Amino acid sequence: MSNLFLTEDVMLNAFQNRDRQFEGQFIIAVKTTGIFCRPGCTARMPKKENVEFFDSAKAAMSNGYRPCKVCKPLEKSGEVPDEIKNILSDIEVNPSEKITDYGLVKKGIEPSRVRRWFLKITE
Ligand SMILES: [Zn+2]
């Protein structure tokens, strides 16, 4: 974690209180379920020893976590293009499969569009 003010206790509290102010500040991942959430998720509070924190959804994903279906941490509030939704659901079904340009083109999706969108939400 790069933000020194976000201690584990602060983040646990934020998650417990579903504090939306912390939206985008960190990602909470649950080791027992392999799922990661936004701070404002309505999922049940996991045990402290079972959680891990990340700077971004991207970091959680590269550590093998899958996005929560309740709070959809990969989707920023607002519009999600249909083609991105398709990709997100592919990731949910098969999180270990790498997304390749070839795979995207085969689906009729423009890879540079997808890349731009992912850059936007993971930065
Ligand atoms: Zn969640």
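Assorted remarks:
- Choice from Asp101, Asp82, Asp90 with maximal GNM fluctuation in the chain (Cα, 10 Å cutoff): Asp82
- Remark: relative contact order (the chain) = 20 percent; criterion is Cα-Cα distance under 8 angstrom and separation of 6 or more residues.
- Of Lys98/Lys120; Lys47/Lys69; Lys85/Lys106; Lys47/Lys98; Lys31/Lys106, those spanning more than 26 Å from alpha-carbon to alpha-carbon: Lys47/Lys98; Lys31/Lys106
- Pairs of Cα atoms farther than 10 Å apart, region 82-122, %: 72 percent
- Kirkwood Rh, Cα atoms: Rg over Rh of the chain: 0.98
- Segments 32-38, 103-109, 19-25 sorted - mean Cβ within 10 Å per residue, highest first: 32-38, 19-25, 103-109
Throughout, read-outs are computed from the coordinates displayed, never taken from laboratory work. Keep in mind that this is a model prediction, so the values were computed, not measured. Note: ideal-geometry Cβ built from the backbone for every residue, glycine included; neighbour counts use all protein chains shown.
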